[in-house]
Amino acid sequence: MASEKAAPELLALQPRPNPHSDVDNTDIQRRHSTELSYNEFYWRYMHANWPVIITDVSNTWECRNWAHKDNDTDTANANTRNHSPINFDYLKSRIDDLAVPVADCNATYFNSHAKLELKFHDFLERWQRSMEVDNSKLQATEPNCNVAKDNLYLKDWHLAAQLPAYEFYQVPKYFASDWLNEQLIEQKRDDYRFVYMGPKDSWTSFHSDVFGSYSWSTNIVGHKKWLILPPGEELKVADRLGNLPFSIDESLLEQNNVRYFTINQTANEAVFVPSGWYHQVWNVTDTISVNHNWFNACNVPLVWRNLLSNLQAVHREIADCQQMDNFEAHCQTMLRASFGINYLDFIELLEFIAERRTSTTNNSHLLFHRYQMNAYHVQYDLECVRQLLKEMRQEPSVLQCPAQLHERCERLWQQLQ
């Protein structure tokens, strides 16, 4: 594979510059990939937990073939249904008829879009039929022509894991320091690499990302509209029980004096979503995107705090069962079910990262087969692990946790001294 033969690109992280040079937090900037360095992105946006839009990130991606070639310069007409920007024939010829997860944006189920599973080619055919419905409405002479239309959104599809030989994209260098997927891919476990495909008017409900992770989303084709809120602003739209709305709009946000930003994302642009930023996203046109969730040395302390607070919530939920046998083990099981990971998963991640960063093998610092960390980057990661262990060793819930968690923290701490 070409990416394996090429010399790896260096992720040349340098010590943090003057903190006063961090990004102006009054706006979300657009930065061109040719003038934004990895080091600047790391400190100015990722470490500062501030969004940015990066342009021209997918020029060489194979999945650009998923859109018709004339689409890049025809964004203004992407909404017209006489000509779809999606290259359905190419998608069917290149990707097998796999089972795919689909959300029905016309139906809700317990404060979420209803979920179903379809075959990929069936999904594409239903998408094409929905375009025909739109065309029939446009051409109808009767003013109240109501023809049923699907609004199905293929979401959270692990295509890269399902078809590992199909190199349809490359992770942009800015997002290569990814502890979460580094471990999961190496261990051949479910990862957080996704493909999204949806028609005009499909949408994702109001949410923040799993674990308190970062996310990045690159549009292959189409136009997305984002409403995105700095951490804490979401509390202004919570009800008196603390529940957040399923869906938001500008009117709701303005009525509640919420600080928010609007992003209009087009093809070949990546949106970096920082930890804890709630957002809602609409597909203004037919849209395909590649998305990752991830965390690293910049935000893993927040993931640990979220894990701790979620365990405390589990303790409160079943406080009347504290006398039961193996209470803490049950709490860890519930934590994994509700939050996605538990303390054992977290220490295993730290052990994995520490082993990789201290290894002297040639590929131990190679990320996504194409990026190499410099020495400072490796040491910065290790220092982050040390600081986390220092905190965890003093945490009472770690001492109470089964599976010798505290002993594992101590052992790893000693190894890194």
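Would it be correct to say that R64 is outside any loop (DSSP other than H, G, I, E, B) and either at pLDDT 80 or above or open to solvent by 70 Å² or more (accessible area, probe 1.4 Å) (or both)? Spelling it out, R64 is indeed outside any loop (DSSP other than H, G, I, E, B) and either at pLDDT 80 or above or open to solvent by 70 Å² or more (accessible area, probe 1.4 Å) (or both). If you check P245, P231 for being free of Cβ contacts under 8 Å to residues at least 40 places away in the same chain and either of a type in the set (K, R) or at negative phi (or both), only one passes: P245. When residues in the stretch 300-353 are screened for being touching a Lys or Arg at 6+ places or on another chain (Cβ under 8 Å) and closer than 19 Å to D209 by Cβ, 2 of them pass. Among the candidates N296, N264, N291, the residue that is in contact (Cβ under 8 Å) with a residue 24 or more places away in the chain, in contact with a Ser or Thr (Cβ under 9 Å, 6 or more places away or on another chain), under 27 Å from A103 (Cα atoms) and not aliphatic (A, V, I, L, M) is uniquely N291. On the stretch given as the stretch 173-207, residues that are open to solvent by 40 Å² or more (accessible area, probe 1.4 Å) and part of a loop (DSSP other than H, G, I, E, B) total 7.
Yes/no per residue for (1) assigned to a helix (DSSP H, G or I); (2) open to solvent by 10 Å² or more (accessible area, probe 1.4 Å); (3) closer than 22 Å to H158 by Cα:
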| site | (1), (2), (3) |
| --- | --- |
| V281 | no, yes, yes |
| I288 | no, no, yes |
| L307 | yes, no, no |
| D320 | yes, yes, no |
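Only residues that are closer than 15 Å to Q332 by Cα and assigned to a helix (DSSP H, G or I) were counted in the stretch 390-417, giving 7. Of all residues assigned to the stretch 244-262, none qualifies as being charged (D, E, K, R) and either at pLDDT below 95 or crowded, with 19+ Cβ neighbours inside 10 Å (or both).
Would you be able to say whether some residue in the stretch 250-259 is farther than 24 Å from A161 by Cβ and assigned to a strand (DSSP E or B)? Checked the stretch 250-259: no residue is farther than 24 Å from A161 by Cβ and assigned to a strand (DSSP E or B).
On inspection, L235 passes the criterion of being assigned to a helix (DSSP H, G or I) and either open to solvent by 40 Å² or more (accessible area, probe 1.4 Å) or closer than 15 Å to P51 by Cα (or both). Considering (1) over 25 Å from F261 (Cβ atoms); (2) out of contact with any Gly (no Cβ under 9 Å at 6 or more places or on another chain), the lone condition that N151 does not fulfil carries the number (2).
Any residue that is within 30 Å of L163 (Cα to Cα), surrounded by fewer than 16 Cβ atoms within 10 Å (Cβ to Cβ), modelled with pLDDT of 60 or more and over 28 Å from the mean Cα position of the chain (by Cα) - is there at least one of those in the stretch 128-136? Yes, some residue in the stretch 128-136 is within 30 Å of L163 (Cα to Cα), surrounded by fewer than 16 Cβ atoms within 10 Å (Cβ to Cβ), modelled with pLDDT of 60 or more and over 28 Å from the mean Cα position of the chain (by Cα). When you scan the stretch 366-373, do you find a residue that is crowded, with 16+ Cβ neighbours inside 10 Å, farther than 20 Å from F327 by Cβ, of a type in the set (S, T, N, Q) and touching a residue at least 60 places away in the same chain (Cβ under 8 Å), even just one? Yes - at least one qualifying residue is present in the stretch 366-373. Scan the stretch 1-47 for residues that are surrounded by fewer than 13 Cβ atoms within 10 Å (Cβ to Cβ) and modelled with pLDDT under 85 and report the count. Within the stretch 1-47, residues that are surrounded by fewer than 13 Cβ atoms within 10 Å (Cβ to Cβ) and modelled with pLDDT under 85 number 12. Among residues of the stretch 322-346 being free of Cβ contacts under 8 Å to residues at least 24 places away in the same chain and open to solvent by less than 40 Å² (accessible area, probe 1.4 Å), the one that is farthest from A48 (Cα to Cα) is F327.
The values are calculated or read from the model by the stated rules, or taken from the named source; none is laboratory data. Keep in mind that this is a model prediction, so the values were computed, not measured. Counting neighbours? That spans all protein chains shown, and the Cβs are built from the backbone with ideal geometry, glycine included. These accessible areas exclude ligands, DNA and RNA; they are computed on the full protein's heavy atoms, side chains included. Shrake-Rupley method; radii C 1.70, N 1.55, O 1.52, S 1.80 Å.
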